[in-house]
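Enquirer: Take a look at the following structure, please.
The values are calculated or read from the model by the stated rules, or taken from the named source; none is laboratory data. Everything quoted here is computed from the prediction, not taken from an experiment. Here the Cβ positions follow ideal geometry from the backbone for every residue, glycine too, while neighbour counts run over all protein chains shown.
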Amino acid sequence: MTDQRTFFTDGAAYDRMMGRWSALAGAEFLDWLALPEGLRWLDVGCGTGAFTELVTTRCAPVEVQGVDPAAAQIDYAKSRPGARLAQFRQGDAQALPFADDSFDVAVMALVIAFVPDPAKAIAEMARVVRPGGWIAAYMWDLPAGGSPNGPLTSAMHSMGVTFAMPPSIAFSQRDKMLGLWSGAGLAAIDTRAINVPVGFAGFDEFWELNSVVGPGGVAVRAMSPSARDQLKARLREQLPKDRDGRISYLAHANAVKGQIPA
């Protein structure tokens with residue numbers, strides 16, 4: 001069974017690689033949720049606290065709790081100035097350490113594909129959210145190469161380099177998300193796509209930020225020097241760039257939301 005803690009052990013490195021893109025996707029996600037102020041929020045799989053910080057600064061919550069299985073991520077989340085009003089603890093999405101009806105809304109930001117049993121996690125979120133509250137998630141469309149580091153993983157696959165993928169990668173897709181939320185008995189279910197512009201000053205920045213953490217980063221570190229050089233050459237050829245060498249492309253995520261029946 002794939003354990004996301006083996007992918008994400010360095011909070012600062014993860015935040016450098018994914019933080020700015022997850023913040024852009026998270027802001028659009030929150031605008032889509034359009035929930036009122038003064039709610040009790042739970043961020044399941046909070047990671048570095050990037051999304052938790054968005055909730056505290058944009059949503060005027062009365063309470064925010066963040067849970068993640070990786071101790072290093074929790075330590076980093078606690079250091080974020082913008083998330084100082086939140087409380088963080090180590091925990092499992094499939095066995096949330098909270099009483100029934102403790103929250104008004106529970107979210108998973110860029111997490112669901114890494115949960116071994118998403119249905120169990122959604123059932124846990126439904127348990128801790130009050131009737132009339134909301135459960136929502138968004139995830140990079142990994143099967144379609146929608147992650148900000150999609151060009152890296154696509155190039156590696158084209159070279160025959162295989163590596164461990166998230167255990168529930170199929171739930172990155174909108175139809176699978178819809179089925180999961182429907183199966184949990186949620187009401188007012190809706191889905192949407194979120195597009196995020198990704199850009200780098202040049203190839204060196206792209207490589208530095210995309211070959212560090214996550215499944216791809218683990219695989220890059222395991223490659224021989226000659227294989228890494230071949231991968232770099234392939235990426236230099238394939239990445240979309242302007243005449244000044246700036247690299248830009250779109251990442252895309254899928255989102256879902258549903259309401260606990262009153």
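Enquirer: Say we look at region 206-245 and pick out the residues that are assigned to a helix (DSSP H, G or I) and in contact with a strand residue (DSSP E or B) (Cβ under 8 Å, 6 or more places away or on another chain); which of these is farthest from A155 (Cα to Cα)?
Expert: L209
Enquirer: Go through (1) under 21 Å from E124 (Cα atoms); (2) among the small types (G, A, S); (3) buried (at least 17 other Cβ atoms within 10 Å of the Cβ); (4) out of contact with any Gly (no Cβ under 9 Å at 6 or more places or on another chain) for G216 and report which single condition fails.
Expert: All conditions are met except number (1).
Enquirer: Restricting to region 189-229, what's the tally of residues that are farther than 21 Å from A164 by Cα and of a type in the set (S, T, N, Q)?
Expert: Of the residues in that region, 3 qualify.
Condition check ((1) polar (S, T, N, Q); (2) touching a strand residue (DSSP E or B) at 6+ places or on another chain (Cβ under 6 Å); (3) under 30 Å from F200 (Cβ atoms); (4) part of a loop (DSSP other than H, G, I, E, B)) across all residues:
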site	(1), (2), (3), (4)
A113	no, yes, yes, no
A121	no, no, no, no
E124	no, no, no, no
W134	no, yes, no, no
P143	no, no, yes, no
P148	no, yes, yes, yes
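Enquirer: How about region 12-54: which of its residues are at pLDDT 95 or above and touching a Pro at 6+ places or on another chain (Cβ under 6 Å)?
Expert: The answer is L39, W41.
Okay, residues lined up against (1) at pLDDT below 95; (2) loosely packed, with under 15 Cβ neighbours inside 10 Å; (3) not in a loop (DSSP other than H, G, I, E, B):
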| residue | (1), (2), (3) |
| --- | --- |
| Y76 | yes, no, yes |
| M108 | no, no, yes |
| M139 | no, no, yes |
| G160 | yes, yes, no |
| P166 | yes, no, no |
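Enquirer: Here's something else I'd like to know. So if I check each of T57, T48, which one is polar (S, T, N, Q) and assigned to a helix (DSSP H, G or I)?
Expert: T57
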